[in-house]
Amino acid sequence: MMENKFTVGHRQTHYHRYTILRMDTYYISATPGRLRIQSPRLHNNQNEIKGFESLMAAVAGIEKIETNYHTGSALMYYNQKLTSCERLVGILEAAGYFELMKAKTSDDMLEEGIEDAAKAVIEILGDELP
């Protein structure tokens, strides 16, 4: 979290900027043939990334895997005739790489971002709002 300061009128105001995807958050985004996840277990852990890649590369239908060590995210492309998003998530959950019940979606993240922005505007403008 980064704290910034700026002046509104004669008042100095503090606000916090948050990253959209926190490193302790599970995230999921799925479209046909493509699954993106973020897992705290993968974040900054090269051994876990290697284990994850080995596990998923052995799954029939996986065509390509891209991982990001710094964010703990993985993007998997798969053949829909050979596997499904539901099956992949089940494999990830069974192996402890993912928790669907704790996962956020793009819509969840957008809603939280809008709420945070509204709170920041209210804090910054305070009694100057009409």
*asked:* So if each residue of separation counts as 0.36 nm, and I subtract the Cα-Cα distance between ALA120 and THR31, what length gain in nm does that give?
replied: 28.8 nm
*For HIS43, HIS70, what ranking results if the residue with the fewest other Cβ atoms within 10 Å of its Cβ goes first?*
HIS70, HIS43
*So what's the net charge close to ASN79: Lys and Arg +1, Asp and Glu -1, counting the other residues with Cβ under 15 Å from its Cβ?*
+2
*Could you give the dipole magnitude of the stretch 23-107 about its Cα centre, charging the beta-carbon of Lys and Arg +1 and that of Asp and Glu -1, in debye to the nearest 20?*
140 debye
*At GLU66 and LYS81, where each label point lies 7 Å from the Cα along Cα→Cβ, what is the point-to-point distance in nanometres?*
2.5 nm
*Just need the Rg to Rh number for the stretch 23-107, please, alpha carbons only, Kirkwood Rh.*
0.92
*In sequence order, calculated HN-Hα J values of the stretch 83-94 (Karplus, 6.51, -1.76, 1.60; Hz; x Gly/Pro)*: 7, 9, 4, 4, 5, 5, 4, x, 5, 5, 5, 4
_Below 14 angstrom from the Cβ of ILE65, what's the summed charge of the other residues (Lys, Arg +1; Asp, Glu -1)?_
0
*Relative contact order (%) - criterion: Cα under 8 Å, at least six apart; region: the stretch 23-107*: 36 percent
*Starting at the first residue of the stretch 37-50, write each ³J(HN,Hα) from the Karplus equation 6.51 cos²θ - 1.76 cosθ + 1.60 with θ = phi - 60°, in whole Hz, x for Gly and Pro.*
10, 10, 9, x, 5, 8, 5, 6, 9, 4, 5, 5, 4, 4
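Rule-based calculations on the coordinates, nothing more; no lab input. Predicted, not measured: the structure shown is a model, and the values here were computed from it. Cβ sites come from the backbone with ideal geometry, for glycine too, and all protein chains shown count toward neighbours.
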